[in-house]
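Asker: This is the structure, below, for whatever I ask next.
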């Protein structure tokens, strides 16, 4: 078994063709280097260097060994570097799932910074409801998920709060309360029909809806359900009801839907985004992505301060 140390020493000798200069490059004295080259030749079983007091030359076998040894050392260095990068989360892949509303507001800036810092990492993205995201995490189909909290069954999961998202009221643009640049009081909506997210697909979001309505003194009358926010807005546009949706949905600009801020400052109208992964997932890219997300949240907090 050839030692990489001897191969590195031989490559330097082959490049310098002078033991004194080679020893200086290797930060060692000349006699041990001469002994190392003889040991290398003995282990291979053939002469690699012609040497005399006047010169040092590569034998034909030495020239071949030099080219191959240099290539092996390059591969070894690359393997070491890739192992280090992978271990630090700088190379590899991350299977990330997210609730679609996060793609409109939270994720673009994180993705931009993440790909800039970790260009060798491949992101595999899926948009799903929170229930399906948690199923995919537990089955090993994804590594990390951005979900709507709270999570009622957190067994085997590592959960980290991300940020709160504001809710707004979506109603048909011809609704009597849909006045431009106006806010709407939740207490005015007690008799309205609501379109909602199915509780089985996203308990966190439906919990937020009920909490806002109950804080205003009523229980929402849910007449339609849809498992995607865009589908909810389509039902609202068709006049089937009103809805509470993430404020980020304003980026979609649906013509027949008005999105109004909630007027009452005493009624909390937010929901929580959370980062979740399983306890047994040791993919180092997870921590790299979490660090990037924390950095974004920290910078936004500083800006608000």
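None of the figures in this text is laboratory data; all of them are computed from the coordinates on show. Everything numeric here is computed off the predicted structure, so don't read it as measured data. Backbone-built Cβ (ideal geometry, glycine too); neighbour counts: all protein chains shown.
Asker: For segment 30-88, what does the convex hull of the Cα positions come to per residue, in cubic angstrom?
Answerer: Working: hull volume 6.7 nm³, N = 59.
It is 113 Å³ per residue.
Asker: Suppose the chain between residue 116 and residue 34 were pulled fully straight at 0.36 nm per residue; how much longer would it get relative to their current alpha carbon spacing?
Answerer: Values: separation 82, 0.36 × 82 = 29.52 nm, distance 4.74 nm.
Length difference between fully extended and current span is 24.8 nm.
Asker: Continuing with the same structure: Please list, short to long, the whole-number percent of alpha-carbon pairs of segment 125-246 in consecutive 10 angstrom bins beginning at zero.
Answerer: For segment 125-246, the binned pair fractions read 12, 41, 30, 14, 3 percent.
Asker: For the residues 55, 66, what sequence is obtained by ranking on other C-beta atoms within 10 Å, fewest first?
Answerer: Going from sparsest to densest Cβ surroundings: 55, 66.
Asker: Next question. How do 175, 27 line up, fewest other C-beta atoms within 10 Å first?
Answerer: Ranking 175, 27 by Cβ neighbours within 10 Å, fewest first, gives 27, 175.
Asker: If you don't mind, another one. For the residues 13, 64, what sequence is obtained by ranking on other C-beta atoms within 10 Å, fewest first? Don't skip to the end; give the middle numbers.
Answerer: Values: 13 28, 64 12.
So the residues, fewest neighbours to most, are 64, 13.
Asker: Calculate, axis by axis, the spread of Cα positions in segment 1-112 along the three principal axes, and write the results as whole Å, longest axis first.
Answerer: 76, 26, 19
Asker: Please report, in cubic angstrom per residue, the volume enclosed by the convex hull of the alpha-carbon atoms of the chain.
Answerer: Convex hull of Cα atoms, per residue: 192 Å³.
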